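To start, the structure under review is shown below, and the notes come after it.
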């Protein structure tokens, strides 16, 4: 895990030295808003850290997978110091509602933020019989 963190910090330093702040304004001390690419990289690096963490534990595969899924939900909800919360919003194809309506099936809205995944994770697992 240390290697991922070291690479992330080194990349951040190199990025700030290259001055890729053409879109994002730098503040007097040289800090700036992260680019979309940097945010994506930090989120994915965090997921790789979670994979390494859960893989290192002496637990069953099932416990590791469940722990990893819960940790990812917690990260997306902003329940980690390393990342802010992320918005998860359905983004169906424009024709989905019409198609599903014609099939007599409910469809996803083109809005409606999905929040607090980690708080509902185990509840939904029990509801659908994945957890006893």
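Among residues that are assigned to a helix (DSSP H, G or I), over 30 Å from residue 25 (Cβ atoms) and in contact with a helix residue (DSSP H, G or I) (Cβ under 9 Å, 6 or more places away or on another chain), residue 41 is not included. Among the residues in segment 66-79, are any touching a strand residue (DSSP E or B) at 6+ places or on another chain (Cβ under 8 Å) and within 22 Å of residue 38 (Cβ to Cβ)? Yes, segment 66-79 contains at least one residue that is touching a strand residue (DSSP E or B) at 6+ places or on another chain (Cβ under 8 Å) and within 22 Å of residue 38 (Cβ to Cβ). Quick check: anything in segment 19-27 over 30 Å from residue 129 (Cβ atoms), at pLDDT below 95 and either in contact with a helix residue (DSSP H, G or I) (Cβ under 7 Å, 6 or more places away or on another chain) or surrounded by 16 or more Cβ atoms within 10 Å (Cβ to Cβ) (or both)? Yes, there is a match, as at least one residue in segment 19-27 is over 30 Å from residue 129 (Cβ atoms), at pLDDT below 95 and either in contact with a helix residue (DSSP H, G or I) (Cβ under 7 Å, 6 or more places away or on another chain) or surrounded by 16 or more Cβ atoms within 10 Å (Cβ to Cβ) (or both).
The values are calculated or read from the model by the stated rules, or taken from the named source; none is laboratory data. Quick caveat, the model's predicted, so the values are computed rather than measured. Every residue, glycine as well, gets a Cβ built from its backbone with ideal geometry; the counts of neighbours run over all protein chains shown.
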